[in-house]
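The numbers here are math on the coordinates, done by the rules we state, and not lab data. It should be emphasised that the depicted structure is a prediction, and the values quoted were computed from it without experimental measurement. Here Cβ is always computed from backbone atoms with ideal geometry, including for glycine, and neighbour counts include all displayed protein chains.
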Amino acid sequence: MNMMQPVKRIYQGPDEKMRDEAKGIYNCFIEDQAKFIEFDPDFGKPEFTTGFLKLITDADEAQSNAQRIASLKQLTETVNDKMEACRNKFQGSKYYIEKAFPGSPVIWDEFGYKAYDKARNNQLRMKDFMRDFHTAAVKYSVKLIAANYTQEKIDEIDTFRQELNHADGDQEAFKRGRPTLTQDNLIILNNCYSMISKVAGVGKQIFENDYARHQRYVLSTQPENAVNNETPAAPENPA
């Protein structure tokens, strides 16, 4: 039975370091391209050079894990802000509810008095709570308005519910999309690393008798489960 396997990073070290090394290897390659072409004329094909540069550009544009965490944190903060707005809305409405219906706990419960404690820190329950809160406010709107709880205040209940719903939806969509986003970014980063490791391998062979230039093609980022292997791969068209 075939099982889908997650994409894994093929190199060790931070993504930022790999990106920097990619730019350095590319610049060295451009400077030494004549030597690479002597080694293998395919290194002189325009599509190789443009493809190499595109891999680096794509890697630069790939969202880092730190950026993804920051994005999720921002979405979570938005949800928390909307939750706080809903809590404040309910607590600020109780004066008018009790003014309109003094000594009427059965009606108060229609506004969510008993349900509030379980909903106050649960965004799924809070969305349902605000829906029921708004339904009750509409039902008893005449008496609420008579108690100076205006139609605008009633409408605001549903506005806060919708804002929470949208914020929660954005957060959930991002969470569900993270595995795909992570996988896509890893593929991009792995492709970039594959290219620079190939070019670096050829560079080390070309300049095996030139210590200074040889060192320019030594990568500090290493393959995952690195094994010393100095045999360079043939150039590929990365486009």
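Details
- Answer from Val142, Val202 - the residue that is in contact with a Pro (Cβ under 6 Å, 6 or more places away or on another chain) and either over 30 Å from Leu75 (Cα atoms) or not in a helix (DSSP H, G or I) (or both): Val202
- Of all residues making up the stretch 171-221, the number that are touching a Cys at 6+ places or on another chain (Cβ under 7 Å) and small (Gly, Ala, Ser): 1
- Condition met for Asn80 (of a type outside the set (Val, Ile, Thr), out of contact with any His (no Cβ under 8 Å at 6 or more places or on another chain) and part of a loop (DSSP other than H, G, I, E, B)): no
- Of all residues in the stretch 145-178, those satisfying the criterion of being surrounded by fewer than 14 Cβ atoms within 10 Å (Cβ to Cβ), more than 22 Å from Glu77 (Cβ to Cβ) and touching a residue at least 40 places away in the same chain (Cβ under 8 Å) are Ala146, Asn148.
- Within the stretch 103-137, the set of residues being without any contact (Cβ under 8 Å) to a residue 24 or more places away in the chain and not in a helix (DSSP H, G or I) comprises Gly103, Ser104, Tyr113, Lys114, Ala115, Asn122.
Quick grid of which residues meet (1) within 25 Å of Leu186 (Cβ to Cβ); (2) in contact with a Lys or Arg (Cβ under 8 Å, 6 or more places away or on another chain); (3) part of a helix (DSSP H, G or I):
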| site | (1), (2), (3) |
| --- | --- |
| Lys8 | yes, no, no |
| Gly13 | yes, no, no |
| Glu21 | yes, no, yes |
| Cys28 | no, yes, yes |
| Ile37 | no, no, yes |
| Phe43 | no, no, yes |
| Thr50 | yes, no, yes |
| Leu55 | yes, no, yes |
